[in-house]
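Engineer: Pasting a structure below so you can have a look.
The values are calculated or read from the model by the stated rules, or taken from the named source; none is laboratory data. These figures come from a predicted structure and were not determined experimentally. A quick note on method: Cβ atoms are made from the backbone with ideal geometry, for glycine too, and the neighbour counts reach across all protein chains shown.
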Amino acid sequence: MRRPADDVDPAETTARLDASRPQATLSRVLHDLGATFLLPLEPVADLSAQVGGITMHDPLDEQVMPRGAIVLGVGLAADDEVRRVIAQIGPAGASALVLREPVVVDEQTRAAAARDGVTLLGLARGASWTQLGTMLSSILAHGREAGSDGAIGGVPSGDLFALANAIAALLDAPVTIEDRNSRVLAFSGSQELADAGRIATILERQVPEPYSRVLAEAGVFRRLYASDEPQFVALQELMDGMLDAPVPRTAIAVRAGDEILGSIWAATAQPLSEERASAMRESAKLVALHLLRVRAGVDVERRLRADLLGTALEGREGADYALERLGLRGADVVVLAIQPAALQGDDLGVESAREAQRHRIADAISVHLAAVHPQACAALVGDTVYGLLPVRSAETGEADAKRLAEEFLARVGRRMPLLISIGAVAVAGQALPQVRAGADRALRVLREQQSTGSRIAMFDDVHVAVLLLELRDRIALHGEGATGPLARLLAHDRANGTEFVETLRAWLDGLGDVAAAAAALHIHPNTFRYRLRRIGEVSGLDLDDPDARFAAQLQLRILPGLARRR
């Protein structure tokens, strides 16, 4: 990676480049997400207000938000709560506050929003905050990239929402653009003119499973993907009783050569005329170009982000510049290391699924962290997803990161079983390689101790377990075994079928409590006391010597074949 010339200020260059890129506005957001998903609760005073990012309101945290942020008011309901948040985010430059509908804005709240320049928006019932955050991120990304990536067919490259609206105008029908798995990538306006099934699809960003199953069983997808022509789908016949007066659809496959990229679905009452069918065929070619550009852009962005993150975490040449590009130079940051807890195996099929899961994890944690701090970032480096989270202070940074990790697991843990480790705070970004190493070591402890059910670990909390694992590695590397009294006990057990080693382990684990140790082995306390006397006679171990006890317990925890996995 080339470093900037000495006489060029990287921060100034980055700021100049960012300023030259067109940004999304409230008008654009409402145009793309309005009617079905997001509506203004009051007339918008300034539709040209620029949107600089997305932030989720957290009443327990003092957040950093970009200028022009759209704030997601999760859990806000009472008018006094809303006014308090407006008073916080308005002076910070927020452009809008989103509230869950149904909501009635009283006169005081309306006046507070007008005074502080905050537009109040309502999120439709049935839509999730995660969906909204994902779609807003998509719109903002297209807004930033449109100026540098050029246009395809008169539409900014990769701007699928603008493309959906353009196709809808050509066909005079509401349109969705979907991928091969019937996930909605973008949709046009006027979706309220379709039907309940289309509304459900938009809100869930996915064709509902019952509808998708019916289409598959009827051979609709097979017919769709086998042809280059628009296919008219009479939903009334296929989904009788499932929808209220379903509007028929006309769909066409989006392909690049032999590869199916997705499809376009238009809500049409009857088959298209030849003129509109031709327009749909041409539109499918245009969508294919945009989807390919989006896929290439995502891959390039992922590689760039992973390279910058890897350079910073490993302390390679250019680490300071990498932190500068990530917007984290001089910041106190915490390193999070994340891996899937499942998907075991080494065959290609499992490895392919594991790789895809890692990318999904990286995307999900990126969105989660960005909602807390605009400069937070995450990327897949090797087989681990790393996140860098700027924190307010070194004293509370690890605890803040743990709380965020717990929230993330609560949201995705059932669908994506994960292990998350948290390193120490790198003050002013220094010593990142050591902090990353600590997170890696804590992650290994989580993998070794999965049976305990732990899914999150801070390095400080598992430091001793880390040291024991590393001692075990050293012993295994040199092929060393038990020595001293423990070696004599092992030899006696193997020769005579006794259980003196496990008896000693139970006594040490029970801190010398004979009753508890005997109960753990399901034997009588007198029998246990007899064994303890024999252990001293056979091995020469002085159970009254704390150093001798420690040496025996350490060997029991780290020696191959003796260390008990937790």
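Engineer: Select from region 360-381 the residues that are touching a residue at least 40 places away in the same chain (Cβ under 8 Å), assigned to a helix (DSSP H, G or I) and not charged (D, E, K, R) and write down the one among them that is surrounded by the most Cβ atoms within 10 Å (Cβ to Cβ).
Structural biologist: The residue in question is Ile365.
Engineer: Does Glu398 satisfy being of a type in the set (D, E, K, R) and without any contact (Cβ under 8 Å) to a residue 60 or more places away in the chain?
Structural biologist: Working: of a type in the set (D, E, K, R): yes; without any contact (Cβ under 8 Å) to a residue 60 or more places away in the chain: no.
Answer is no for this residue.
Engineer: Then there is this: Which ones in region 435-478 are among the small types (Gly, Ala, Ser), at pLDDT below 80 and assigned by TED's automatic domain parsing to the domain that holds Leu388? Working first, answer last.
Structural biologist: First, pick out the residues of region 435-478 that are among the small types (Gly, Ala, Ser): 437-439, 442, 451, 453-454, 457, 465, 476.
Next, from what is left, pick out any that are at pLDDT below 80: 451, 453-454, 476.
Listed by number, the residues that qualify are Ser451, Gly453, Ser454.
Engineer: Related question: Would you pick out the residues in region 81-95 that are without any contact (Cβ under 8 Å) to a residue 24 or more places away in the chain and of a type outside the set (D, E, K, R)?
Structural biologist: Residues of region 81-95 that are without any contact (Cβ under 8 Å) to a residue 24 or more places away in the chain, as a first pass: 81, 84, 88.
Correct list: Gln88 only.
Engineer: Return the pairs, sorted by first residue and then second, in which the second residue is among the β-branched types (Val, Ile, Thr) and modelled with pLDDT of 80 or more, the first residue lies in region 196-216 and is in the same structural domain as Ala266 (by TED's automatic domain parsing) and under 19 Å from Ile264 (Cβ atoms), the beta carbons are less than 7 Å apart, and the residues are 6+ apart or on different chains.
Structural biologist: Short answer, once both residue conditions are applied: Thr201/Thr176; Thr201/Val184; Ile202/Val184; Arg205/Val184; Gln206/Val184.
Engineer: Any residue that is at pLDDT 85 or above and surrounded by fewer than 18 Cβ atoms within 10 Å (Cβ to Cβ) - is there at least one of those in region 391-404?
Structural biologist: yes
Engineer: For region 502-520, which positions are surrounded by fewer than 20 Cβ atoms within 10 Å (Cβ to Cβ) and either assigned to a loop (DSSP other than H, G, I, E, B) or not charged (D, E, K, R) (or both)?
Structural biologist: Result: Leu508, Gly510, Leu511, Gly512, Asp513, Val514, Ala515, Ala516, Ala519, Ala520.
Engineer: Quick check on my filter: what residues within region 521-546 are among the β-branched types (Val, Ile, Thr) and surrounded by 16 or more Cβ atoms within 10 Å (Cβ to Cβ)? Lay out the reasoning, then the answer.
Structural biologist: Taking region 521-546 as the starting set, the residues that turn out to be among the β-branched types (Val, Ile, Thr) are 523, 527, 535, 538.
Listed by number, the residues that qualify are Ile523, Ile535, Val538.
Engineer: Out of (1) buried (at least 22 other Cβ atoms within 10 Å of the Cβ); (2) within 20 Å of Asp307 (Cα to Cα); (3) within 13 Å of the chain's Cα centre (by Cα), what's the single condition that is false for Arg436?
Structural biologist: Only one criterion in (1) buried (at least 22 other Cβ atoms within 10 Å of the Cβ); (2) within 20 Å of Asp307 (Cα to Cα); (3) within 13 Å of the chain's Cα centre (by Cα) is unmet by Arg436, namely (3).
Engineer: Something else now. What is the one condition in (1) of a type in the set (S, T, N, Q); (2) in the same structural domain as Leu380 (by TED's automatic domain parsing); (3) in contact (Cβ under 8 Å) with a residue 12 or more places away in the chain that Gln430 does not satisfy?
Structural biologist: (3)
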